[in-house]
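The values are calculated or read from the model by the stated rules, or taken from the named source; none is laboratory data. Just so you know, these numbers come straight off a predicted model, no measurement behind them. Ideal geometry is used to build each Cβ from the backbone, glycine not excepted, and the neighbour counts take in all protein chains shown. Accessible surface areas use protein heavy atoms only, side chains included; no ligands, DNA or RNA. Shrake-Rupley method; radii C 1.70, N 1.55, O 1.52, S 1.80 Å.
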Amino acid sequence: VRTEGVQYTEGYELVQFSRLNLDKLRAEGRPVFINFTAAWCITCLVHERLVFNQPAVKSFFKNYNIVFMVADWTNPNPEILSILAEYERSGIPFYLFYSKGIWSAVRILPEILTPQKLIGLLDSET
């Protein structure tokens, strides 16, 4: 998991993306936020610093027991490419949120976020 310059460890349960990890967490009914990112994605890097690393966002994720999953596409990864294609996406940033509950639907989040916007979008589903 790439965490250059960003401290995810405080406030997040950080998990590296894989379908196996996602399926396991979904089977447990855990809420999961997936951050599709890469070291070469400027918007991704801005979001990591100005959104995901903010105390309000970290506290929100921690309080609602949301798993923060990182899908690092810095290097080619067929598993990440497959899920992007599944949602008809060809690039990043891309954000998915699975609310708690085994049968909950996935929500595609906007590509541009602020801490307030992210918390507002997720608050209604936690």
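It is to be established whether one or more residues within segment 66-73 are out of contact with any Pro (no Cβ under 9 Å at 6 or more places or on another chain) and loosely packed, with under 14 Cβ neighbours inside 10 Å.
No, segment 66-73 contains no residue that is out of contact with any Pro (no Cβ under 9 Å at 6 or more places or on another chain) and loosely packed, with under 14 Cβ neighbours inside 10 Å.
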Candidate set from segment 107-116 (those that are surrounded by fewer than 13 Cβ atoms within 10 Å (Cβ to Cβ) and not in a loop (DSSP other than H, G, I, E, B)); member that is nearest to the chain's Cα centre (by Cα): Ile108
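Quick one: in segment 85-104, of everything that is small (Gly, Ala, Ser) and in contact with a strand residue (DSSP E or B) (Cβ under 8 Å, 6 or more places away or on another chain), which residue is surrounded by the most Cβ atoms within 10 Å (Cβ to Cβ)? So that I can check it myself, show each step before the final result.
To start, the set of residues in segment 85-104 that are small (Gly, Ala, Ser) comprises 85, 90-91, 99, 101, 104.
Checking the rest, the ones that are also in contact with a strand residue (DSSP E or B) (Cβ under 8 Å, 6 or more places away or on another chain) come to 99, 104.
On the way: Ser99: 19, Ser104: 15.
Restricting to residues being small (Gly, Ala, Ser) and in contact with a strand residue (DSSP E or B) (Cβ under 8 Å, 6 or more places away or on another chain), the top hit is Ser99.
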Residues of segment 37-53 satisfying the condition of being crowded, with 17+ Cβ neighbours inside 10 Å, assigned to a helix (DSSP H, G or I) and out of contact with any helix residue (DSSP H, G or I) (no Cβ under 6 Å at 6 or more places or on another chain): Cys44, Leu45, His47, Glu48, Phe52
Single condition Ile119 does not satisfy, out of (1) outside any loop (DSSP other than H, G, I, E, B); (2) closer than 13 Å to Val32 by Cα; (3) open to solvent by less than 60 Å² (accessible area, probe 1.4 Å): (2)
Of the criteria (1) surrounded by fewer than 18 Cβ atoms within 10 Å (Cβ to Cβ); (2) farther than 16 Å from Asp23 by Cβ, which one Ser82 fails: (2)
Failed criterion for Ala56 (all others in (1) closer than 18 Å to Thr114 by Cβ; (2) touching a helix residue (DSSP H, G or I) at 6+ places or on another chain (Cβ under 8 Å); (3) buried (at least 16 other Cβ atoms within 10 Å of the Cβ); (4) not basic (Lys, Arg) hold): (3)
Inter-residue pairs, beta-carbon under 8 Å, first part of a loop (DSSP other than H, G, I, E, B) and in segment 87-98, second among the small types (Gly, Ala, Ser) and open to solvent by less than 30 Å² (accessible area, probe 1.4 Å), 6+ apart: Ile92/Ala38
Pairs where the first residue, in segment 102-126, is under 18 Å from Val57 (Cα atoms) and the second is assigned to a loop (DSSP other than H, G, I, E, B) and open to solvent by 70 Å² or more (accessible area, probe 1.4 Å), C-beta under 7 Å, 6+ apart: Thr126/Tyr64; Thr126/Lys100
